[in-house]
Each structure stands twice: as C-alpha cells, then as structure tokens.
Amino acid sequence: MATPSQTNPSTRAADARGDVPRVSIVIPVYNEEGILHSAVIDLIDRLRDAAATEPELASYEILLSENGSSDSTVAIGEELAARHPEVHIHSLGRPNYGAALKAGILRARGEYVLCDEIDLCDVDFYTRALRLLRAGAAEMVVGSKAMAGANDKRPLLRRAATLTINGMLRVLVGFHGTDTHGLKAFRRDRLLDTVNRCIVDKDLFASEFVIRAEREGKRLCEIPVHIAEKRPPSINLIKRVPNVLKNLARLTYVIRIVSPRD
C-alpha cells in the first residue's frame with residue numbers, strides 16, 4: 001500500500017501548503033474507497049456555498065487522516081490532494097481512529113479546528129459551531145447525537161451504543177455532557193495543550209479529549225446535530241466492543257488516578 005509523505009507537525013508552517021487557513025477540517029479515514037472521492041468533492045462544493053454566510057469557511061484546509069487502509073483510500077486521497085490544493089492526506093500506517101484524529105489535529109494550522117467523519121461532512125454544524133466560537137460563547141463545541149433536538153437516524157444498535165458509552169462515562173469519570181464522539185469544533189490555541197495531554201487512543205481518544213477539556217475548565221457547549229450516515233460503519237460494532245471496554249477501563253484509570261481533578 002502506498003503511504004503519503006509524513007510532515008512533522010512542528011515544522012508544518014515551513015512547508016509548501018501556502019497561506020495559513022482560518023479553518024482546519026480533520027477527517028479520519030479508513031477503508032473509504034467507496035465514498036471518499038464523492039464525499040470530499042461534495043464537501044468542497046458545500047463549503048463554497050457556506051462561505052457566502054460564514055466568512056471563516058472561505059479559508060480552509062481538509063486534512064484526511066488515513067489509518068491503515070487496505071483498499072485504495074490512500075490513492076484516492078492523494079489524487080484529491082493533487083487536484084485540490086486545500087486537501088491534504090497523511091497516513092498513520094495502522095488502524096487506529098483515535099491516533100489518526102490526534103495526528104490530524106496536531107497537523108492542523110487553522111485558528112479553528114473542526115473534527116468530522118467522512119460519512120457525515122456536516123457543514124451546517126460547522127457554521128453553527130464557528131459562530132459560537134467566534135462570539136466567545138465557547139472554546140469547544142460538541143455536536144451531540146443524544147441531546148434534545150438531535151435527530152439520530154443511525155441503526156438502533158449504534159444509537160444504543162452511544163447512549164450506553166456516554167452513560168458509563170458519566171458514572172465512571174463524572175462526565176456532565178451527553179456525547180463525546182463525533183463532531184467537534186474548537187479554538188486551536190485554547191485546546192492544543194489538552195490534545196497533547198491525552199493518553200488513550202483508538203475509540204476513546206475523542207472521549208478523553210472532551211472529558212479533559214471539561215475537567216480543565218474549558219468553556220464547552222453542546223449543540224444538537226442530525227446524523228444520517230452514507231454507508232455502514234467500516235468496522236463492525238460488535239467486534240469493537242472488547243477494545244472499547246478495555247480502553248474505557250484505561251480511560252477511567254487515566255482520569256481518576258493519573259490525572260485527578262485538582
């Protein structure tokens with residue numbers, strides 16, 4: 001499998017990627033050959049339209065954070081990057097959603113960072129979240145699939161899994177929100193140190209990130225989102241359960257013992 005060239009996050013400002021964008025959109029991808037091209041092109045088109053009412057979206061980069069795909073995801077991503085200067089792809093080299101998301105965030109150059117999923121690409125969330133961030137109403141905005149006003153059209157098993165995990169997070173580590181996984185937007189300068197302090201990867205990096213931000217006193221805001229996936233999950237939900245439970249135990253240890261609240 002071809003691997004795109006790696007860029008050291010500490011030297012990214014000196015690369016040939018042009019002017020620094022206002023917004024960085026980070027999207028982990030794994031075995032997405034079926035939808036990657038169409039999803040990215042559609043996202044570019046919708047960002048162009050959205051920039052008419054949300055000026056921050058006139059200056060953006062799309063960071064495809066590939067992690068261990070065995071199909072043609074890398075080749076498609078490289079082709080997109082070659083044709084569209086705002087698109088970039090880097091490869092982690094192994095399947096690990098959390099590590100890929102973290103790597104993408106560390107490569108982000110924008111003042112505002114948006115974390116999305118390739119089967120969502122929710123530009124409506126971008127515009128609502130950016131308005132809150134720009135107004136100073138929050139330092140991180142979480143798109144919740146579980147709060148009042150949300151519309152989650154995923155299969156019943158996936159909706160139940162979201163409620164179960166977030167319920168366990170509230171009990172085990174004192175999380176006060178309704179969702180941690182999925183859409184997020186934040187000011188890079190306010191949250192980058194929090195990202196670097198995260199220890200858990202794979203499925204629960206996103207959860208640790210939100211929980212740490214909350215515990216550190218960052219101003220968090222949840223807004224409801226509408227979720228309608230474009231394809232089934234790339235990894236079977238049932239097969240993920242053992243790793244999720246193991247990482248949930250690790251996250252509990254990290255939050256309760258290693259990094260207790262002051």
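Annotation for residue 190 and residue 245: the two label points, set 7 Å from Cα along the Cα-Cβ direction, are 3.8 nm apart. Beyond 18 Å, how much of the Cα-Cα pair distribution for the range 36-160 remains, as a whole percent? Distances greater than 18 Å cover 60 percent of the Cα pairs. A 1.4 Å probe over all protein chains sorts 147, 140 by accessible area into 147, 140, starting with the largest. Accessible area of residue 223 (1.4 Å probe, protein heavy atoms only, ligands and nucleic acids ignored): about 20 Å².
Taking all Cα pairs closer than 8 Å and separated by 6 or more residues, the relative contact order of the chain comes to 21 percent. Highest average first, the peptides 31-37, 201-207 ordered by how many other beta carbon atoms sit within 10 Å of their residues are 201-207, 31-37. Per residue, the Cα convex hull of the range 70-116 amounts to 87 Å³. Each Lys and Arg Cβ is given +1 and each Asp and Glu Cβ -1; about its Cα centre, the range 22-95 then shows a dipole of about 140 debye. Extension gain, residue 37-residue 51: 0.36 nm per intervening residue step, less the Cα-Cα distance, totals 2.9 nm. Relative contact order for the range 49-135: 29 percent, from Cα pairs under 8 Å spaced at least 6 residues apart, divided by residue count.
Dimensions of the chain along the principal axes, based on C-alpha atoms and rounded to the nearest Å, stand at 47, 41, 37, largest first.
Per residue, the convex hull spanned by the alpha carbons of the range 133-199 comes to 118 Å³.
The values are calculated or read from the model by the stated rules, or taken from the named source; none is laboratory data. Here the structure is a predicted model, which is why all the values come from computation and not from measurement. Methodologically, a virtual Cβ is constructed for each residue, glycine included, from the backbone with ideal geometry; neighbour enumeration extends over all protein chains shown. Side chains are part of the model used for accessible areas, which takes the heavy atoms of the whole protein and leaves out ligands, DNA and RNA. Shrake-Rupley method; radii C 1.70, N 1.55, O 1.52, S 1.80 Å.
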